[in-house]
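Right, one structure below, let's go through it.
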Amino acid sequence: MARSDKVAAVAELADKFSSSAGVVLTEYRGLSVKALMQLRRSLGDDASYAVSKNTLTTIAAREAGLDTIEEQLVGPTAIAFISGDPVVVAKGLRDFARTNPQLVIKGGVLDGKFMTPDEVRKLADLESREVLLAKVAGVMQGVLQQAISLVSAPLSQAARLLAALEEAAGENPSLLAPPAPEASAEPSNVELAAEVTPEPTTEEVAVEATPEPTTEEVAAEATPEPTNEELAAEAASHAASAAPEAGTAPASEPLAAPAAEDN
């Protein structure tokens, strides 16, 4: 291979390493061209399968930052460059190796991390992305259906109740008549007891009663007895008012004629 061809091949391999989601290294010793073509078809659009020389692959892996795969680049090597679901690719390689033992899985790289042959086989045992998405969609659909049922159940019950009420009202219009005003309820014994004015207690009666006057208050309010001097002054005042005015002589009463003496 000319040098320019080697440079182009290395550049192409490096680009595939960088643009792929992962790679799986295999040894195809003893496989026919027909078997390799069958393997490429089984991988479909999820991966491209190509045979490459180890020297060129080593250089391209170093340029792409995948120098961890150099130890697996021994013997005839074919690389599966993953562009789709890694689980589908791992399943395809595992299933093909079961019927074609000449195909040996050496290892791989997924999301920048190296995988051993056992890890590649464990990846093949997982469910594919489509199956997982279908399961998630089924779970979500079940949850949504349950939520719809929870929401629609009260609505359907209310609709059935309204339909039954409408049918009953057609047979008996009084069902839709406004209720009669309620009669005034008789007050209970408790309410009557609460409205009755309570009897005053002994203490309240004692507070409201007029207190009896003390001996000192009675003595202060009583009219004092007049003294002898006050009585004498009052008598003199009455005598003065009864006497005739000054300058007027009292009319003398006619003197009775003396009785004739008996001779």
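The values are calculated or read from the model by the stated rules, or taken from the named source; none is laboratory data. Just so we're clear, the structure is a prediction, and the values are computed from it rather than from any experiment. Quick reminder, even Gly has a Cβ in these numbers, built from the backbone with ideal geometry, and neighbours come from all protein chains shown. Ligands, DNA and RNA are excluded from the accessible area calculation, which covers all protein heavy atoms including side chains. Shrake-Rupley method; radii C 1.70, N 1.55, O 1.52, S 1.80 Å.
Using r as the Cβ-Cβ distance of THR99 and ASP125, and R0 as 25 Å, what FRET efficiency do you calculate, to the nearest 0.05?
Efficiency at R0 = 25 Å is approximately 0.90.
What does the charge count around ASP111 come to, taking other residues whose C-beta lies under 14 Å from its C-beta (Lys +1, Arg +1, Asp -1, Glu -1)?
Residues near ASP111 contribute -1 overall.
May I ask you to rank ARG3, ARG98 by accessible area, largest first, using a 1.4 Å probe over the protein chains only?
Most to least solvent-accessible, the answer reads ARG3, ARG98.
Computed FRET efficiency, Cβ-Cβ of SER18 and VAL74, R0 22 Å: what is it to the nearest 0.05?
0.40
Taking R0 as 30 Å, what FRET efficiency do you get between ARG62 and SER32 from their Cβ-Cβ distance, rounded to the nearest 0.05?
According to the calculation, E is roughly 0.40.
Would you list which lysines come within 16 Å of LYS122, measuring only between C-alpha atoms, while excluding same-chain residues fewer than 8 positions from it?
Cross-link targets: LYS91, LYS106, LYS113.
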